[in-house]
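To start, the structure under review is shown below, and the notes come after it.
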Amino acid sequence: MFSKRKEFNKRGIFLLFEGLPPTIFESQVISHVRQLNDCGYSIDIWAFSITSETYLNANRVIDELKAKYEVEIRSIRGVRFGIPFSSCLNSLLLLLHFYLNGRRPSFIHARTEYSAFIASRIKSILDFKLIWDARGDSLSEYSVIIKGARLSTRLLSPLRIRMIKHRLKSVSKCCDKAIFVSDALRECQAPNMSSESYMILPCLADESKFYYDPNLRAQIRARLDYGNSDIVLVYVGSSAPWQCVPETLSMMASVLSGNEKFKALIVTSNPEFFLSLIPMGLNSRFNVLSASLSEVGGILNAADIAFMLREENTINWVASPVKFAEYSMTGLHVVTGKAIKQVNEYGAFIGNIVDPDEVLGLNEDDVLLMSAHREEVSKAAISVFSRKNATEKLIDFYSF
């Protein structure tokens, strides 16, 4: 069906099996593709959805995203993971879509080991280079998910665990290159991979959206009706269990109860959930709102201290939260524990970590001291997390 070709060009596919997930698609998928396309590459996004719900959601937003970002995005219905031979069927579907669309990519950038495994099954047919984009500890994530599953699913979990281990082993051997969001994740999933074959690329943020600007801060604070003496605690994120939302709101409430100058700002796509958790006596001092990605940077400028609590477990230890990048690039100090190795390391370099045990003791003078260093925090964070600064490294990595 396809003849092999030896030359390498800059046409590629960014492949994922998550549909168009609202929390990360714009910041981590589209931004990555646009960054490379601006450097002469031609990369399309092929997003498989394995459930009817994610497929419908993808088709609702795909035209808007294509028009907004001028990136070619294809939404494809895939086969649910639990169905027998689903990986074979998804590989055949991928091959079929290449055939139907006449696409001959030089490389496939596959987000997660599952996408890389699916692509690896047709690699010899199409003769492309395979980049495995490792995002997290899939084995530990599955172990957490399975705890809340029904009995029949838990009984099959040993088989699923074997499948994940097989995929990881297979992908680490057959991929041409790999991207890991943290060195801790690389140590976890591919400890023997040669240093020439991988790069460590933390979750990056767009420096044109996330930066510190005193004028922008004043403008957004006025819009949100904050006074000059108000101290604003901020949380940006979802209601997912791993975000430690109850603990975050409880800590915020304790800080607010101890000092009238403190206010809390929540930015989320699920405001009703957060409103239900706010203590009745503090409703007037919590502001809960939704915002687009392009608006979040300005909102973070208006805040003074950010919250990013995580449980201490394997999943978080190897993570690279984009939220830490966004908080830090806007110059914020971040309340977070020791759960994430990369945050511990970069936070020490940037100098913007606040231990959760110290939060209740914060006063106006402490916050003023943090604010005095906000520009240097922002500059240090941009040197680590900005997409622009990572461009040269990415271009070198994509040159086969």
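Tabulated results
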| quantity | calculated |
| --- | --- |
| Square roots of 5 times each gyration tensor eigenvalue, C-alpha, segment 232-329, largest first, Å | 21, 16, 13 |
| Protein-only accessible surface order, largest first, of Leu65, Leu360 at 1.4 Å | Leu360, Leu65 |
| Residue pairs, from the table Lys68/Lys323; Lys177/Lys209; Lys123/Lys388, whose Cα atoms sit over 28 Å apart | Lys177/Lys209; Lys123/Lys388 |
| Shape of segment 1-132, Cα gyration tensor, a/c cut at 1.5 | oblate |
| Accessible surface of the chain, 1.4 Å probe, proportion on carbon and sulfur as whole % | 53 percent |
| Computed magnitude of the charge dipole of the chain (debye, nearest 20; Cβ of K, R +1, Cβ of D, E -1) | 2240 debye |
| Mean-position separation - Cα centroids, segment 305-323 and segment 196-241, in angstrom | 16 Å |
| Cβ charges +1 (Lys, Arg) and -1 (Asp, Glu), total dipole of segment 1-93, debye | 420 debye |
| Residue list for segment 288-327, given a label point 7 angstrom along the Cα-to-Cβ vector of Asp213 and an amide N cut-off under 18 Å | 292-304, 326-327 |
| Stokes-Einstein diffusion coefficient of the chain, Kirkwood radius over Cα pairs, 25 °C, 0.890 mPa s, in µm²/s | 109 µm²/s |
| With DNA, RNA and ligands ignored, accessible area of Val79 (1.4 Å probe; Å², nearest 10) | 30 Å² |
| Helix-derived mean residue ellipticity, 222 nm - over the chain, DSSP H n ≥ 4, -39500 (n - 2.57), to 500 | -13500 deg cm²/dmol |
| Options Ile13, Leu96, Leu360, ranked by Cα towards positive dipole end of the chain, top entry (Cβ charges) | Leu96 |
| Under 15 Å from Lys261, Cα to Cα: aspartates and glutamates that are on another chain or at least 8 residues apart | Asp225, Asp230, Asp304, Glu364, Asp365, Asp366 |
| Relative contact order %, the chain, counting alpha carbon pairs below 8 Å whose residues are six or more apart | 14 percent |
| Approximate spin-label separation Trp242-Lys68, in nm, with each point projected 7 Å along Cα-to-Cβ | 2.3 nm |
| Net length gained if the chain between Ser143 and Leu155 were fully extended (0.36 nm per residue, minus Cα distance) | 3.1 nm |
| Highest average packing first - 66-75, 37-46, Cβ atoms within 10 Å | 37-46, 66-75 |
| Residue of Ile299, Ile161, Ile353 that the Gaussian network model of the chain assigns the largest fluctuation, springs spanning Cα pairs under 10 Å | Ile161 |
| Local electrostatic count, Ser197, Cβ distance below 9 Å [Lys/Arg +1, Asp/Glu -1] | -1 |
| Three-way shape label, segment 255-383, alpha-carbon gyration tensor, a/c 1.5 | rounded |
| Nearest-10 value in Å² for the accessible area of Ser143, using the 1.4 Å probe | 50 Å² |
| Accessible surface, segment 29-111, averaged per residue in Å² (probe 1.4 Å) | 47 Å² |
| Which of Leu151, Leu168 is most accessible, then next, and so on - probe 1.4 Å | Leu151, Leu168 |
| Rounded accessible area of Val359 (nearest 10 Å², 1.4 Å probe) | 0 Å² |
| Length added when fully stretched, Cys88-Lys169, from 0.36 nm per residue minus Cα-Cα | 27.4 nm |
| Prolate/oblate/rounded label for segment 144-249 (Cα gyration tensor, a/c 1.5) | oblate |
| For the chain, built as a Gaussian network whose Cα springs stay under 10 Å, the top-fluctuating residue of Leu139, Leu277, Leu156 | Leu156 |
| About the Cα centre, charge dipole magnitude for segment 208-355 (Lys/Arg +1, Asp/Glu -1 at Cβ), debye | 160 debye |
| Per residue accessible area of segment 291-391, 1.4 Å probe, in Å² | 40 Å² |
| Chain lengthening between Asn283 and Asp357 when straightened (0.36 nm per residue, less Cα-Cα) | 24.2 nm |
| Summed side-chain charge close to Gln342 - residues other than Gln342 whose Cβ falls under 15 Å, Lys, Arg +1, Asp, Glu -1 | 0 |
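The values are calculated or read from the model by the stated rules, or taken from the named source; none is laboratory data. Since the model is a prediction, treat every value here as computed from it, not as a measurement. Neighbour counts are summed over all protein chains in view; Cβ atoms, including those assigned to glycine, are modelled from backbone coordinates with ideal geometry. Surface accessibility is based on the protein's heavy atoms, side chains included, excluding ligands, DNA and RNA. Shrake-Rupley method; radii C 1.70, N 1.55, O 1.52, S 1.80 Å.
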